[in-house]
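The values are calculated or read from the model by the stated rules, or taken from the named source; none is laboratory data. Not measured: the values here are computed from a predicted model. Here Cβ is always computed from backbone atoms with ideal geometry, including for glycine, and neighbour counts include all displayed protein chains. Note: accessible area is taken over every heavy atom of the protein model, side chains too, but ligands, DNA and RNA are not part of it. Shrake-Rupley method; radii C 1.70, N 1.55, O 1.52, S 1.80 Å.
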Amino acid sequence: MSEGIVYWLQQALNALQLGSIYALIALGYTMVYGILTMINFAHGDVFMIGAFFCFLAAVYLGLPFVPTLLLTMLGAALVGVMIERLAYKPLRHAPRVSAIITALGIGIFLENFTLALAPYPKNIPPLLENVTWDLGGVSLSSLQVIIIFLSLGLMFVLDYVVHRTPVGIAMRAISWDKTFVPLMGVPLDLIISVTFAIGAGLAGAAGTMYGLAYPVIDPYMGIMVGWKAFISAVVGGIGNIRGAMIGAFILGGVEIMVTAFFPSTYRDFVAFTLLLLLIVVRPYGILGQPRTQKV
Amino acid sequence: MALLVATRVKHYFGGLCAVADFNLELQSGELVGVIGPNGAGKTTIFNLITGVYRASEGSIRLRDIELVGKTPHQITALRVGRTFQNIRLFRDLSVLDNVRIAHYAQVRYSPLEALLHLGRYRREEERIIENSRRLLSIFKLEHLAGETAKNLPYGSQRRLEIARALAIDPELLLLDEPAAGMNPNEIDQLMEFIQWIRREFQLTILLIEHQMKLVMGICERIKVLDFGETLAEGPPEAIQNDPKVLEAYLGEGPVG
Amino acid sequence: MKTMRNAGWEWLMAQRWLLPVLIAVGFVLAFAIPEYNLLNKYVQLVMMYVGINIILTVSLNLVNGYMGEFSLAHAGFMAVGAYTAALLTQKVLPVAAYPGLFPLAVLAGGLMAALLGLIVAVPSFKVRGDYLAIITLAFLMIVKSVIENIDYIGGPRGIPGIKRLTTLPWVFFWTVVSIWVVRNFVYSKYGRGVLSIREDEIASDLMSVNTRRVKFLAFMVSSFFAGIAGALFAHLLQFISPRVFDIIKTTDVLIMVYLGGIASIAGSIIGATVYTVLLELLRPSTVAAMLGWLPAVVFDPLNEYFIRHLGVWRMVIMPLALVLVMIFAPRGIMGLREFRWFIPRRDLDAHRRPTVHGGSHGAARSH
């Protein structure tokens, strides 16, 4: 293969890996927005908590990959539900701004709480044997394959759950109407908790995979990754699950392209400029529907 | 001279036609009612006149000034006041401030004078406080000037909304279901009151109403809308006996 | 007993001439304290931080409290003010020879920030709530990113060795100016327009309020003072870098705004003061000094575990406090209320009942 093609294939692969992680986190943002029209600003920090759970399970419990992943997802889901019950539920009828501030507060709390317990960056041990294959110049690691396929797998499961199961139908019904749907016997609080649990669980999975790909973790790692995932959700159309996945891969691609051509310090600049332009041009994203305001 | 002339106004929401072909000529000093079943496009017409929506087609002219394309505050500054079907007061603000805010276009001082409380600021503020209190006293709300708007009883809120609309110093007043939620006794009072403010403030009034008693009692001319189209137009007696209207709108029960 | 206390308070509140007297006394003290070292250097430093934080809080309250929008861009405006002023004093103005040029640099910082405020106001015409939060955050990130990528102004390393030109009198002066200007703005047709936008933007437009103009003005005034605060901050800290002005800085100001109370100048002053002083009090050294009288058996283990880690734990406690405030007092300490001395007498009188005995309702304003 020519050098150019090899280079681009390599970059595409990197974009796919980055996009997978963004997508898993973006799903949490978009699901919570879909059901509560609220941006869970603490979600990026749940991802960080996931990475730390992964560290705890791998180092202190000495667990192998699969139990570590499951335990991390479970732990993150629990944290997500706790946040919802303790911090957001009391504010469900308060002005929107209160919920945004609370979410920001919870995010800072999670960061500093983790910092208080773990003042120094931690190293996640290699849980999987990493084999690198050379495919005609393109290097492909087993870790990349696992990250990409595991993410895609989780996304398909989620897509199935949301579109084909009673819980998913209830979620979508509540996202349409929170007054009358509960009157038809849909347990509102339970469904909201389940939504948070799934979103946080996926963020936990993303934390594990991120930790495997970039083993040094610290309490502030969730801020920027979280925002990138959030941008992905907006790009795809916030509230739209398939949109979040598409948006994540687009953003992953754009970021890899920027770092390929410019100094890496331009990456955030481009990502946020993209967000700004998009909000001006198409605020409801690629797959989202414009919401009309009643006068 | 006609105050307001709407010609061939059409409006679509997405693909849905809300107003099909609306025409209206309102003479200065007239009191005209718009009736029609729910979803007939009545409130949409108010929103088109006041610039909340931009008409898809057609023209709306006020004293020969084209309103289509203007923003709500520009249109309001041309002396068009309105109330809302579901009361939209500034709920957390004081009764006085609700009325003072509506003076915005009439207050003449620059941002710099506002930031420094200098120049015309003092005189203008005193002027609008005086005018606001005058309006409040007309509506028997003066003793509540410092009260938060949301704490007022329903009837007082309705009156405050009209007072606020009058603070704009309108020539044309649009009343959106002023009698909503009132009992027959209150409606009688309201009818008298509307007649009175019309004389006192030399208003031209366009009103939307479901209460036939009110519409038939005070309007000089009535326009019947159905599915965005004009079904009939004329004086109350003619409307009451129009077979088309009876069939489409009044058919089910007695008038009033 | 209660009525007597109220009568005393009423009497005090009626003595409006006390406010200018207090400001004059404040100025004298602001000059005297550093001149004669009436308080130690650390307390003076904390006082200056309190002043700067009051400027930041009052100005952010204009957009986030009075207007009810949600802007996260404040640290960005602060950065613009700080960098503009620092570059002027470092590279352009001969402040070493003429210290009188410092206020010019501060003013330039404020004006630059105000200019940017105009740009940020534009998206607020179309979107609000979460989306405006995102746009303003993106703006903050872009400002930070741009600074990081310009080598001339130090890039990610920032500007070290800025002259310490911020003094107690200057902080006091700008604090008074910002409070006075924001108060004047709030009690004008534009300020009432701002309040009506929070209540119901469409109704506001239909009541003849030029909402775009009002938003432009509110963002401009707000970002102007954020820029002023940034300029003062830079010449106090003597070092700035893009990292100083990140989302954490904005969050600090947000906490002060919502703790003190939305749409209230008094609330902003209280919020900024309480938060700044509390954070200082929770410093390990301060707590250790305060608990020094405890017997060694108690003090030593406390010192070992709790006090030593307090530096981090206070940043855990603060966001939790914010969440609790949001849940139990969503409008903050003074939300939608005002200290009566700040309300123009004309407005107070206008809200009274028309009876001879002016009905007054404590220190509360009716909106």
Fill in the blank from the handout: re region B:1-87: pairs of Cα atoms spaced beyond 18 Å account for a percent value of 41
Handout entry: FRET E, pair residue B:120, residue A:152, Förster distance 60 Å, beta-carbon r, rounded to 0.05
Key = 0.35
Completion exercise
Straight-line reach check, residue A:178, cutoff 24 Å on alpha carbons, 8 or more apart in-chain or any other chain, hits among lysines -> A:89, A:294
Handout entry: Of A:245, A:209, A:184, the one that fluctuates the most in a GNM where chain A has Cα springs shorter than 10 Å
Key = A:184
Fill in the blank from the handout: quick note, the protein assembly as shown, DSSP beta bridge pairs, % antiparallel (nearest 5) is 65
Handout entry: Rounded tilt (10° steps) of A:96-117 against the dominant C-alpha axis of chain A
Key = 40
Completion exercise
Filtered hits (aspartates and glutamates, Cα-Cα < 13 Å from residue C:189, offset >= 8 within chain) -> B:97, B:113, B:124, B:125, B:126, C:347
Practice task
At 7 Å along the Cα-to-beta-carbon direction for both residue A:56 and residue B:196, put a label point, then send me their distance in nm to one decimal.
Solution key: 7.2
Exercise for the section: Please check chain A for the longest run free of trypsin sites (Lys or Arg not before Pro) that are loop-located per DSSP (anything but H, G, I, E, B) and have at most 12 other Cβ atoms within 10 Å. Expected result: A:1-290
Problem - Label point distance in nm, residue C:119-residue B:2, each placed 7 Å from Cα along Cα→Cβ - result: 4.8
Completion exercise
Rg/Rh of chain A (Cα atoms, Kirkwood Rh), to two decimals, equals 0.97
Problem - 17 Å Cα-Cα reach of residue C:144 towards lysines, excluding residues that sit fewer than 8 places from it in its own chain - result: A:228, C:249
Exercise for the section: Apply the Karplus parameterisation 6.51 cos²θ - 1.76 cosθ + 1.60, with θ equal to phi minus 60°, to every residue of region A:220-228 and state each ³J(HN,Hα) to the nearest whole Hz, in sequence, with x for glycine and proline. Expected result: 9, 5, x, 5, 5, 4, x, 5, 4
Exercise for the section: Using a 1.4 Å probe and counting only protein heavy atoms, arrange B:90, A:109 so the residue with the most accessible area comes first. Expected result: A:109, B:90
Problem - Hydrodynamic radius of chain C per Kirkwood, over alpha carbon pairs, in Å - result: 21.9
Problem - Modelled FRET efficiency - R0 45 Å, residue C:309 with residue A:280, Cβ distances, 0.05 increments - result: 0.50
Fill in the blank from the handout: Close lysine pairs (chain B; alpha-carbon distance under 28 Å; 8 or more apart or on separate chains) counted at 15
Completion exercise
With Cα coordinates, the longest principal axis of chain B makes an angle with the long axis of helix B:121-138, in degrees rounded to 10, of 50
Exercise for the section: Could you give the size of the charge dipole of the protein assembly as shown about its Cα centre, using +1 on the Cβ of each K and R and -1 on the Cβ of each D and E, expressed in debye and rounded to the nearest 20? Expected result: 1880
Exercise for the section: Could you size up the charge dipole of region C:19-350 around its Cα centre, putting +1 on the beta carbon of Lys and Arg and -1 on that of Asp and Glu, and report it in debye to the nearest 20? Expected result: 420
Problem - Rounded tilt (10° steps) of B:184-201 against the dominant C-alpha axis of chain B - result: 60
Completion exercise
Between residue B:86 and residue A:165, the two model label points (7 Å from Cα along the beta-carbon direction) sit apart by a distance in nm of 3.6
Completion exercise
In a Gaussian network model of chain C with springs linking alpha carbons closer than 10 Å, the residue among C:302, C:87, C:236 that fluctuates most is C:302
Handout entry: Relative contact order of region C:19-350, defined on C-alpha pairs under 8 angstrom at six or more residues apart (%)
Key = 29
Completion exercise
In deg cm²/dmol, rounded to the nearest 500, the helical mean residue ellipticity at 222 nm of chain C, built from -39500 (n - 2.57) for every DSSP H run of length 4 or more, is -21500 deg cm²/dmol
Exercise for the section: Can you figure out the FRET efficiency of residue C:152 with residue C:237, using R₀ = 25 Å and their beta-carbon distance, to the nearest 0.05? Expected result: 0.75
Completion exercise
If one builds a Gaussian network model of chain A from Cα atoms under 10 Å apart, the most fluctuating residue listed among A:268, A:134, A:218 is A:134
Exercise for the section: Take the Cα atoms of region C:91-244, find their three principal axes, and give me the spread along each one in whole Å, biggest first. Expected result: 55, 34, 20
Exercise for the section: Please list A:189, B:92 in order of solvent-accessible area, largest first, computed with a 1.4 Å probe with all protein chains present. Expected result: A:189, B:92
Practice task
Specify, per residue and in Å³, the volume enclosed by the convex hull of the alpha carbon atoms belonging to the protein assembly as shown.
Solution key: 221
